[in-house]
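In what follows, a structure is listed as structure tokens, so that the remarks can point back to it.
The values are calculated or read from the model by the stated rules, or taken from the named source; none is laboratory data. No experiment lies behind these values; they were computed from the predicted model shown. Cβ coordinates were reconstructed from backbone atoms using ideal geometry, including for glycine residues, and neighbour counts include every protein chain displayed. With ligands, DNA and RNA removed, areas are computed over all heavy atoms of the protein, side chains included. Shrake-Rupley method; radii C 1.70, N 1.55, O 1.52, S 1.80 Å.
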Amino acid sequence: MFRHLKIGLFSASVLALTAGTALADFELNILHINDLHSRIEAISKSDSTCSADDAAKNECFGGIARVKAAIDARRAELEGKNVLTLDAGDQFQGSLFYTTYKSAPIAEFMNAIGFDAMAIGNHEFDDGPEELAKFIDALQFPLISGNTLAGLNSPVADKFKPYIVKEFGEEKVAIVSVLATDTDETSSPGDTILFADEITYLKEAVAEIEGQGIDKIVLLSHVGYVKDQEIAAAVDGIDVIVGGHSHTLLSNTDEKAAGPYPTMVKNPAGQDVPIVQAYAYSKYLGDLTVVFDDAGVVKTATGEPKLLDASVTPDEAFVAKVAELGGPIEELKLKEIGETAEAIDGSRETCRAVECTMGNLVADAMVDRLSDQGITIAIQNGGGLRASIDAGTVTMGEVLTVLPFQNTLASFQLKGSDIVAALENGVSQVEEAAGRFPQVSGLKFTADLSKPAGSRISSVEVKEGDAFVAIDPEKLYGVATNNYMRTGGDGYGVFESGGQNAYDFGPGLETVVADYIAKNSPYTPYTDGRITVISATAAPSDDTTAPQADATTPAAPATEAPAAQAPAATEAPAAPETPAAAEAPAATATDAAMATAETVYKVVAGDSLWKIAQATYGDGMMWSKIAEANALRNPNVISIGRELQLPPQ
């Protein structure tokens, strides 16, 4: 499999960059979505399909009919102005609509909306390049990705472009795209697709575009918020970045956002580059207005994502089409399989960083299903869990929204040393909120994030009878996972190379989980300390059976505003709940920093980098200064108790 090829392919929210009046300002309005993930129907506060009860309470969000209505309404308001409508990738995978119909309805809806361009997302390869080829053939607008290289024998060879150029009168705007280079691990592109290093490609692509006399370049990326900032800091010539992949909410008004909209990052020439993203699952429509001067330099960048709640009336024609498509699958979706006493948290903020209740449910269900076959351990990738389940009646539709990938239950035998190696892979990219984070059953482990990737796992224990004992490196253990991971997906190559007596064709994982809920109804979600994550600054503990008090914890799980205007620290993950204004904690950065001029600050519950910067410097936008001073690889995760250096202003 090809990875990270570094090759040459060719030989506050308002930014005022210049003073005075430009000779010929050019205004560009960008409407954008990302990571819709087959949320064709409206969704609930937990990002799963909206129920009839939710609809009756006006608690539904998004859905493709609202996306259509919101874009149409905004275009009408911008009549006569320059408008780009963009999708930053990952339309595929995430609901029964994709499972049943694959890409055909997606293309129909997107054509009717009238997008100008879409980036290829990693999940566009989930059914191989063959399904992507069908999708491209059906689209009436270009799909783009510059660092995705298709071999001549690939089904998508010559079917997509690296970039396009849009003309607005005499003005030209280039739209270039890149895709995450680990797509060969997170999806199924096959051996005929190569992924070049994003920054290497973009430096050469920008030079080529500028060589054509084009001085306005928009990057439509599918690499994630953190990588977008790295690109902006490394590549001159990119004027705006419209991103996806990390499901990041940026906002100037919502305290749960991961940063301001737009987020500004200086490029090597010292010019600020605005970066935007609009969460995921059709819940928001990004709306950015950029003004360029006559030299193609960004003067101002302003905007705010629009929440697509009940105030947005869905497009009637789309509603009818969605109902038509939903008819054949409605009976299955509505099938009641059991009850849950509390909400089951499957949010990416939790399940990709720490033990989560959805991870325990799925992993426990795997072991339970195969316990009579000698299986005692299960490992499930957190990225394979795509939604939460609300308290109360659980339907098959909800389970399929959590587990939309049609994975099967896989079983095999694996040496203890290889299990440890697999766990090392699982925690190797916690800072990037990578999907490989291991949710487990039948074992306990500690991950120390102060250590380098590959050396983070300690004190691995396996369950034998009613007790836990240290894992034996030479012993063979019976392990369950999903077929995607068993064949090396998400970096779990050791499952493929070291697995013995493997069987990858068990029942569908969604069936396994549905049966387990039914068997244990009413199911009570729980965590029990099977996973301990020690933050990069916390001292390791001898106690490996309970979570550390200052263990790394993610931002509050995604709800209506899923991700503080800088990343937040929380005491513990919580199940999604109806969005509400954040309550002021007992002692936050705002209180503490105003009372002292110390240069070291200890993070407490409720803090975010934005709040700390606001209290310390009087400017929340300086959160990035704190992040840089403390080498925070993922500012979305700051651990309670961590001491932060607050550099001089």
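Among ALA52, ALA73, GLY94, whose Cα lies farthest out toward the positive end of the dipole of segment 30-95, if unit charges sit on the beta carbon of Lys, Arg (+1) and Asp, Glu (-1)?
ALA73
For a test of the definition: using alpha carbon positions, the gyration tensor, and the 1.5 limit on a/c, classify segment 449-512 as rounded, prolate or oblate.
On the way: a/c = 1.83, a/b = 1.28, b/c = 1.43.
Oblate, since a/c reaches 1.5 and b/c is not below a/b.
With a 1.4 Å probe and all protein chains in place, put VAL242, VAL83 in order of accessible area, largest first. Don't skip to the answer; put the middle values down first.
On the way: VAL242 0, VAL83 30 Å².
In descending accessible area the options line up as VAL83, VAL242.
Please state the shape class of segment 167-257: rounded when a/c is under 1.5, otherwise prolate if a/b exceeds b/c and oblate if not, all from the C-alpha gyration tensor. Spell out each step's value before the answer.
Details: a/c = 2.03, a/b = 1.12, b/c = 1.82.
Judged from the Cα gyration tensor, segment 167-257 comes out oblate (a/c at least 1.5, b/c at or above a/b).
So what is the accessible area of segment 357-476 per residue, in Å², with the probe set to 1.4 Å?
Details: 3690 Å² over 120 residues.
Dividing the accessible area of segment 357-476 by its residue count gives 31 Å².
Could you work out how far apart the two model spin labels at ASP466 and ALA55 are, taking each label as a point 7 Å from the Cα in the direction of the beta carbon, and quote it in nm?
For ASP466 paired with ALA55, the spin-label model returns 5.0 nm.
Summing +1 for each Lys or Arg and -1 for each Asp or Glu, what net charge is found among the other residues whose Cβ lies under 11 Å from the Cβ of VAL276?
Working: positive: none; negative: ASP228, ASP287, GLU304.
So the surrounding residues net to -3.
Pull out the extension gain between ARG75 and GLN373, defined as 0.36 nm times the separation in residues minus the alpha carbon to alpha carbon distance; nm, one decimal.
On the way: separation 298, 0.36 × 298 = 107.28 nm, distance 5.90 nm.
Result for the pair: 101.4 nm of gain on full extension.
Name the residue from ALA234, GLN271, THR302 whose Cα lies farthest towards the positive end of the charge dipole of segment 184-329, charges +1 on Cβ of Lys and Arg and -1 on Cβ of Asp and Glu.
The Cα lying farthest towards the positive end belongs to THR302.
Note down the net charge around ASP25, summing +1 for each Lys or Arg and -1 for each Asp or Glu among other residues with Cβ under 11 Å from its Cβ.
Numbers: positive: LYS299; negative: GLU27, GLU171, ASP293, ASP294.
Combined, the nearby Lys, Arg, Asp and Glu give -3.
Using alpha carbon centroids, what distance separates segment 425-490 and segment 171-187, in Å?
With segment 425-490 and segment 171-187 each reduced to a Cα centre, they are spaced 31 Å.
Please report, as a whole percent, how much of the solvent-accessible surface of segment 161-308 comes from carbon and sulfur atoms (probe radius 1.4 Å). Don't skip to the answer; put the middle values down first.
Numbers: 1950 of 4160 Å².
The nonpolar share, carbon plus sulfur, comes to 47 percent.
Cβ under 14 Å from ASP127's Cβ, ASP127 left aside: what net charge do those residues give with Lys, Arg +1 and Asp, Glu -1?
On the way: positive: LYS102, LYS134; negative: ASP90, GLU124, ASP126, GLU130, GLU131.
Neighbour charge sum, excluding ASP127 itself: -3.
Take the alpha carbon atoms of segment 210-233, find their center, do the same for segment 239-296, and report the distance between the two centers in whole angstrom.
So the two Cα centres are separated by 12 Å.
Sorted by average packing, counted as other Cβ atoms within 10 angstrom per residue and highest first, what order do 484-492, 526-534, 452-460 take? Each step should come with its number before you reach the end.
Numbers: 484-492: 22.7, 526-534: 19.6, 452-460: 15.3.
Result, highest mean Cβ count within 10 Å first: 484-492, 526-534, 452-460.
Give the shape of segment 72-223 as rounded, prolate or oblate, defined through the alpha-carbon gyration tensor: a ≥ b ≥ c are the square roots of its eigenvalues, a/c under 1.5 means rounded, and otherwise the shape is prolate if a/b is larger than b/c and oblate if not.
Numbers: a/c = 2.13, a/b = 1.17, b/c = 1.83.
Oblate is the answer for segment 72-223, as a/c is 1.5 or above yet b/c matches or exceeds a/b.
Please state the Cα pair-distance histogram of segment 288-343 with 5 angstrom bins from zero: what percent is in each bin?
Result, from short to long distances: 4, 11, 10, 10, 11, 12, 11, 8, 7, 6, 5, 3, 1 percent.
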